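First the structure, in the form of structure tokens, and then the observations on it.
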């Protein structure tokens, strides 16, 4: 498809200086990415190296999370298999936002990134509902490319125990309304910026939940979708038909010189195979002490993705 035009650092058409996109528009733009597979977000223009692969190694960085480290290893092995030299950065960044900023600053050539986190990190772009690739391209400076995402995401989910689900007939966040007004909302990811607030749940679903901080004994738990506790404890993840929680699909954020045609093709092979459940399994293995490179190599070979 025709690459999206680059956007300069000046004001965007239709935007107000200092304005930030509303949650509803951000959610609409993020959710639209699920329907727009195959489109390269933030694609470079025809004048950008004509997709000529970089001669030197691609410097790949990560944040501290197991998800980031194993996804970076997956990227590195796919690129190596395609003949692209790679090198892992010695610096490990504190968060996905910090890693994205390092790519934009030219300190890294490639790193795993997540849609909503990226839009919060670079909020100056123009939200284009129904066109997530163009939305990301306006948020990113010239020379930075957001490649298409994998199925997998590490966004927040709201989950309950099987006992709680049976007691109140819970399968969806909308079902919480019938459970009464005495349920609590807690969990390990309760402080994440993409966790729905009690006010947003009230507005979308007519649900009133009492905040319980990071308590693991809360009735409704805010967790990362890759948290191994979901599988370990057999938790029921509640569906979110109103799209209150924006998804966080993982994708490669790349410096344009590292985003040649061969690199794009190699990285795109990962997208349909890497689901949230697969990423959770890989992250759990890394959390248990398996080196990310070994976990990545074993998984890629099991999927027939390495030559």
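Laboratory data are not the source of any read-out in this text; all were calculated from the coordinates shown. The model shown is predicted, which means the values in this text are computed figures rather than measured ones. So basically every Cβ, Gly included, is an ideal-geometry build from the backbone, and we count neighbours across all protein chains shown.
Straightening the chain between residue 303 and residue 233 buys 22.5 nm, computed as 0.36 nm per residue apart minus the Cα-Cα spacing.
Once both labels are positioned 7 Å from their Cα atoms along Cα-to-Cβ, the gap between residue 163 and residue 107 label points is 4.6 nm.
Looking at the square roots a ≥ b ≥ c of the eigenvalues of the Cα gyration tensor of segment 156-237, which shape do they give, rounded for a/c under 1.5, prolate if a/b is larger than b/c, or oblate? It comes out oblate by the Cα gyration axes.
Here the gap between residue 98 and residue 294, fully extended at 0.36 nm per residue and compared with their Cα-Cα distance, gives a gain of 68.0 nm. Over the Cα atoms of segment 130-281, each weighted equally, I'd like the Debye log10 I(q)/I(0) at q = 0.09, 0.11, 0.15, 0.18 Å⁻¹, rounded to two decimals. Per q value, in the given order, log10 I(q)/I(0) is -0.36, -0.52, -0.83, -1.04. Compactness ratio for segment 217-269: Cα radius of gyration over 2.2 N^0.38 Å (N = residue count) comes to 1.74.
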